[in-house]
Amino acid sequence: MIKTVKPLKTSLKGEVVIPADKSISHRAVMFSSLAEGECIVRNFSSGADCHSTLELFKALGVDISFIDKKTLKIKGAGAKFHPEKQTNTYSFSPYVYPYPCGNSGTTMRLVSGILAGQNFNSVLTGDESLSKRPMKRIIEPLSLMGADISSVDGHAPLTIRGRNLHGITYRSSLSSAQVKSCILLAGLNAEGETTFEEPYVSRNHTENLFKYLGADITINNNSVTVRPSVMQAKDIDIVGDISSAAFFITAGLIVEGSDFIIKNVGLNETRSGIIDVVERMGGDIEILNQHTTAGEEVGDIRVRYSKNLKGCTIEGSDIPRLIDELPVIAVLASQAEGETIVKNAGDLRNKESDRIKCLVQELSNIGVHIKEQEDGFVITGKSKLKGGCETESYHDHRLAMSFYIAGLIAENEIAINGFEWTKISFPEFEELFSKLAM
Ligand code: S3P
């Protein structure tokens with residue numbers, strides 16, 4: 001689907017409520033399915049990725065039902081699943097169960113940690129983009145725990161033969177919440193202790209929910225240890241997704257005259273790097289009504305048009321705290337004075353698309369002065385965005401939404417090819433946007 005974005009003639013005003021966090025929605029379904037007892041999950045994401053996780057756990061035999069569009073009732077299986085009891089599960093050979101993960105890296109990587117220690121065999125499949133994403137990062141540590149996984153040269157489909165696992169201490173060279181969560185989930189069901197260490201702390205929703213649901217977990221700076229334990233179900237309210245809010249934050253800062261409130265935004269310290277960057281750039285942003293729910297910080301954000309943004313350097317420990325926001329931060333940086341340098345972000349090349357190459361190519365086309373680097377990019381700001389072109393989203397939801405924001409301030413309209421991919425994380429994106437523009 002091609003979406004045409006016209007330069008915005010009005011400013012953005014009013015209020016917008018941000019839908020559920022994608023990372024927490026995945027984990028709420030997975031961990032409640034693994035827990036003992038029944039719970040209600042409120043404000044579940046409508047994104048296709050989270051629905052891939054939901055369908056997968058239903059196929060594993062977990063009793064999950066919708067109370068309404070965003071509220072789930074989950075009866076946990078208590079650590080061990082029984083797909084053989086599912087009459088609608090198609091097994092293509094005896095005792096091998098196929099589970100499609102769609103476009104969702106979080107589903108495939110976290111579920112691998114859960115299935116590796118079950119007493120049945122399964123195959124995880126993905127769509128074209130997911131089948132190109134690296135899986136060695138989870139296969140290697142899981143194998144050290146005794147898992148038996150085969151892949152196509154480190155890529156999906158993954159064939160997982162259930163085995164008894166044992167704990168390990170794993171020092172990861174990558175800061176990755178997906179790898180960390182995979183290993184911690186495997187550790188819950190392994191013999192002995194499992195410790196995962198990473199260079200900088202990546203998003204810690206797994207740790208927060210593990211604590212909330214009573215798993216045996218100890219956290220020491222960037223090192224997390226779990227011991228075998230069964231979680232106890234508890235109701236979960238999911239906060240709004242700061243990665244979705246990032247598109248609105250950027251729009252508010254760069255669309256002239258804008259002043260609005262973004263409500264219910266998750267403000268977890270391991271995710272809020274974009275707020276720090278906006279402050280570093282001199283953007284007008286204010287946090288209101290901050291409080292905690294189900295172990296997560298949440299609040300409202302007031303954002304105002306900021307004429308005098310300044311470029312900055314984004315690197316090191318910043319990166320895991322804003323990894324998914326970098327495409328839209330590039331749009332923001334295009335309107336700041338001076339250079340913005342993004343480095344140490346090489347893993348951006350392993351996302352739904354090669355987010356360095358594709359971003360540089362498409363933003364250059366729109367008129368941004370952006371240079372590709374091996375592990376990031378450099379932007380020289382105050383670019384006039386000419387637009388008047390067709391951009392490609394490369395089946396990548398975050399690129400599609402970033403180009404939409406660029407289109408709002410371009411001189412001529414922009415056509416975005418593959419805009420329907422926004423359904424992966426944020427199906428409500430355009431509808432919420434148009435409310436602010438009215
Ligand atoms: C996620 C972790 C991040 C992020 C992804 C969601 C998660 O990936 O980019 O969108 O929910 O754990 P990495 O762990 O690969 O950095």
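The values are calculated or read from the model by the stated rules, or taken from the named source; none is laboratory data. These numbers come from a predicted model, not from an experiment. Cβ sites come from the backbone with ideal geometry, for glycine too, and all protein chains shown count toward neighbours.
Taking the numbered list (1) β-branched (V, I, T); (2) within 16 Å of the ligand (Cβ to nearest atom); (3) over 25 Å from Y200 (Cβ atoms) in turn, T380 passes all entries but (2). One residue stands out among those in segment 353-370 that are within 16 Å of the ligand (Cβ to nearest atom) and in a loop (DSSP other than H, G, I, E, B): the one that is surrounded by the fewest Cβ atoms within 10 Å (Cβ to Cβ), which is D354.
Kindly provide the set of residues from segment 132-151 that are outside any loop (DSSP other than H, G, I, E, B), of a type outside the set (K, R) and within 16 Å of the ligand (Cβ to nearest atom), ordered by number. Listed by number, the residues that qualify are I138, I139, E140, P141, L142.
Just to verify a result, which residue in segment 166-189, among those that are within 12 Å of the ligand (Cβ to nearest atom) and of a type outside the set (S, T, N, Q), is farthest from T225 (Cα to Cα)?
Narrowing segment 166-189 to residues within 12 Å of the ligand (Cβ to nearest atom): 172, 174-185.
Subsequent filtering for residues that are of a type outside the set (S, T, N, Q) retains 174, 177, 179-180, 182-185.
Values: L174: 17, A177: 14, V179: 14, K180: 11, C182: 13, I183: 10, L184: 8, L185: 11 Å.
Selected residue: L174.
Inside segment 420-438, residues that are hydrophobic (A, V, I, L, M, F, W, C), part of a helix (DSSP H, G or I) and under 23 Å from S11 (Cα atoms) make up a count of 5.
In segment 116-131, the residue that is nearest to the ligand (Cβ to nearest atom) out of those that are surrounded by fewer than 20 Cβ atoms within 10 Å (Cβ to Cβ) and not hydrophobic (A, V, I, L, M, F, W, C) is S129. Taking segment 243-352 and the strands (runs of 3 or more DSSP E) fully enclosed by it, the elements with 3 or more residues that are more than 15 Å from the ligand (Cβ to nearest atom) and surrounded by fewer than 23 Cβ atoms within 10 Å (Cβ to Cβ) are at 259-266, 284-293, 296-304. Sub-9 Å Cβ pairs linking a first residue in segment 367-384 that is farther than 16 Å from K351 by Cβ and modelled with pLDDT under 95 to a second residue that is among the charged types (D, E, K, R) and part of a loop (DSSP other than H, G, I, E, B), at least 6 apart or interchain, are K384/E411, ordered by first then second residue. Close contacts from segment 93-104, counting a first residue that is under 11 Å from V123 (Cα atoms) and assigned by TED's automatic domain parsing to the domain that holds K132 and a second that is at pLDDT 95 or above and of a type in the set (D, E), with Cβ to Cβ under 9 Å and a gap of 6+ residues or different chains, come to Y99/E55; P100/E55; P100/D127; C101/D49; C101/D127. Counting only residues that are under 14 Å from C312 (Cβ atoms) and either part of a strand (DSSP E or B) or not assigned by TED's automatic domain parsing to the domain that holds L309 (or both), how many does segment 371-387 have? Going through segment 371-387 one residue at a time, the tally reaches 5.
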